[in-house]
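*Asks:* This structure is in structure tokens; I'll ask about it shortly.
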Amino acid sequence: MEIIRSVKEMQNKMKELASQETIGFVPTMGYFHEGHLALMTEAVSENSIAITSIFVNPLQFGPNEDFDKYPRDEKRDLRLAEETGIDIVFAPEQKDMYPVEMTVAMSMTNRVDTLCGRSRPGHFDGVGTVLTKLFNIISPDRVYFGLKDAQQVAIVDALIEDLNFPVELIALPTVREPDGLAKSSRNVNLKTKERKEAVWLSRALETGRQMAVDGQQNPAIIVKEVTDLIKNHTSGTTDYVELLSYPNLEPVHSIDQQVILAVAVKFSGARLIDNLIFDADGNLIRRLR
């Protein structure tokens with residue numbers, strides 16, 4: 001496994017690899033868990049060359065979000081990446097990715113004013129900016145994301161479409177703990193009691209999906225049931241429970257299309273998100289490509 005830290009060196013490496021059949025890319029901010037590793041394993045299995053990046057992007061942190069406290073463990077990350085079979089890890093320094101204040105400012109206008117985007121203004125502008133830079137540096141054929149952060153997947157889908165990136169977006173299922181909790185780098189910050197309660201995010205979502213399977217077509221009724229379950233079984237503060245079209249993330253009046261049922265709950269040590277994507281009959285969508 002090769003570790004590259006310079007943007008210029010990475011660009012030169014990609015020129016060397018231009019003859020490869022396919023290049024798969026997994027962008028990350030590091031501190032790997034099973035979800036990241038599942039994406040890497042898939043990228044390795046589907047491509048001639050598999051690349052991951054480790055870069056904690058300052059542009060996607062708001063004024064009340066502590067960039068310096070984001071968990072980091074590069075030594076462990078590199079070991080885990082190598083175990084998946086990843087060929088190259090791109091781990092640039094901030095001063096190399098953003099050597100000067102940017103002249104071009106990206107602004108994501110759709111799919112951002114809902115779910116996590118509502119409480120994190122500018123977050124997805126930062127996501128769009130760093131992904132545009134990474135796509136230009138690496139020129140991948142396929143890019144891999146997890147559906148746990150489904151709004152991010154929807155934003156990447158729009159970014160690729162709007163800017164004509166020749167990249168195939170592949171979104172893989174959320175990787176979960178045995179009790180159903182979505183894997184997250186932030187789970188380590190939960191207190192013991194909160195960790196036990198957090199399983200109710202996935203349980204509430206599954207209850208909502210089952211309501212659609214049983215014929216409930218009214219989004220408001222499903223949202224209320226999910227909200228009540230989380231409120232009654234956790235000490236966290238519910239940030240949102242929403243049911244929207246997917247990937248356009250627009251309000252729906254009836255479940256007659258592919259939708260996302262998503263939640264965000266703030267505990268004392270971590271803000272957790274989770275979601276399920278399903279069709280009009282309630283059938284779970286496990287992979288997008």
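What follows draws every value from the coordinates through simple rules; no lab data is involved. Every value quoted in this text rests on a predicted model; they were computed, and no experiment measured them. Glycine gets a Cβ as well: all are built from the backbone with ideal geometry, and neighbour counts include every protein chain shown.
*Asks:* How would you rank 279-286, 83-90, 36-43, highest first, on the average number of other Cβ atoms within 10 Å across their residues?
*Replies:* So the peptides 279-286, 83-90, 36-43, ranked by packing, come out 36-43, 83-90, 279-286.
*Asks:* A follow-up question, please. What is the range 80-133 by shape, rounded, prolate or oblate, if you read a ≥ b ≥ c off the alpha carbon gyration tensor as root eigenvalues and call it rounded for a/c under 1.5, prolate for a/b larger than b/c, and oblate otherwise? Before the final figure, lay out the partial values.
*Replies:* Numbers: a/c = 3.07, a/b = 1.48, b/c = 2.07.
Here the range 80-133 falls in the oblate category.
*Asks:* With each pseudo-label sitting 7 Å past Cα toward Cβ, what's the Lys224-Thr207 distance in nm, one decimal?
*Replies:* The answer from the label model is 1.4 nm.
*Asks:* Now a separate question. Please give the charge dipole size of the range 1-133, origin at the Cα centre, charges +1 on K and R Cβ atoms and -1 on D and E Cβ atoms. Round to the nearest 20 debye.
*Replies:* Charge dipole, the range 1-133, about its Cα centre: 320 debye, nearest 20.
*Asks:* Another question, if that's okay. How would the range 98-221 be classified by its alpha-carbon gyration tensor: rounded, prolate or oblate, with rounded meaning a/c under 1.5 and the a/b versus b/c comparison settling the rest?
*Replies:* prolate
*Asks:* Report Rg/Rh for the range 208-253, rounded to two decimals, where Rg is the Cα radius of gyration and Rh the Kirkwood radius.
*Replies:* Numbers: Rg = 11.5 Å, Rh = 11.5 Å.
Dividing the radius of gyration by the Kirkwood radius yields 1.00.
*Asks:* Give me the extension gain from Ser235 to Lys266: residue separation times 0.36 nm, minus the current Cα-Cα distance, reported in nm with one decimal. Intermediate results must be reported in sequence, preceding the final value.
*Replies:* Values: separation 31, 0.36 × 31 = 11.16 nm, distance 0.90 nm.
Result: 10.3 nm gained on full extension.
*Asks:* OK, next. Could you compute the FRET efficiency for Gln216 and Ser19, with r as their C-beta to C-beta distance and R0 at 41 Å, rounded to 0.05? Write out the running numbers ahead of the final one.
*Replies:* On the way: r = 53 Å, r/R0 = 1.30.
The formula returns an efficiency of 0.15 here.
*Asks:* Something else: Would you kindly compute the Cα radius of gyration of the range 185-278 and its largest Cα-Cα separation (Dmax), both in Å?
*Replies:* Every Cα atom of the range 185-278 included, Rg and Dmax give 13.3, 40 Å.
*Asks:* What is the Cα centroid distance between the range 1-75 and the range 184-254, reported in whole angstrom?
*Replies:* Comparing the Cα centres of the range 1-75 and the range 184-254, I get a distance of 30 Å.
*Asks:* While we're here: Return, for the Cα atoms of the range 2-172, the radius of gyration and Dmax in Å, separated by a comma.
*Replies:* 15.3, 45
*Asks:* Just tell me which aspartates and glutamates come within less than 13 Å, Cα to Cα, of Lys196; anything on the same chain fewer than 8 places away is out.
*Replies:* Glu177, Asp179
*Asks:* Give me the Debye-computed log₁₀ of I(q)/I(0) at q = 0.13 Å⁻¹ for the chain, equal point scatterers on Cα only, no solvent, two decimals.
*Replies:* Debye intensities relative to I(0), on a log10 scale: -0.92.
*Asks:* Can you compute the helix-only [θ] at 222 nm over the chain? Use -39500 (n - 2.57) per DSSP H run of at least 4 residues, normalise by all residues, nearest 500 deg cm²/dmol.
*Replies:* -11500 deg cm²/dmol, from helical runs alone.
*Asks:* Helix 74-84: angle to the longest alpha-carbon principal axis of the chain, degrees 0 to 90, nearest 10?
*Replies:* So the inclination is approximately 90 degrees.
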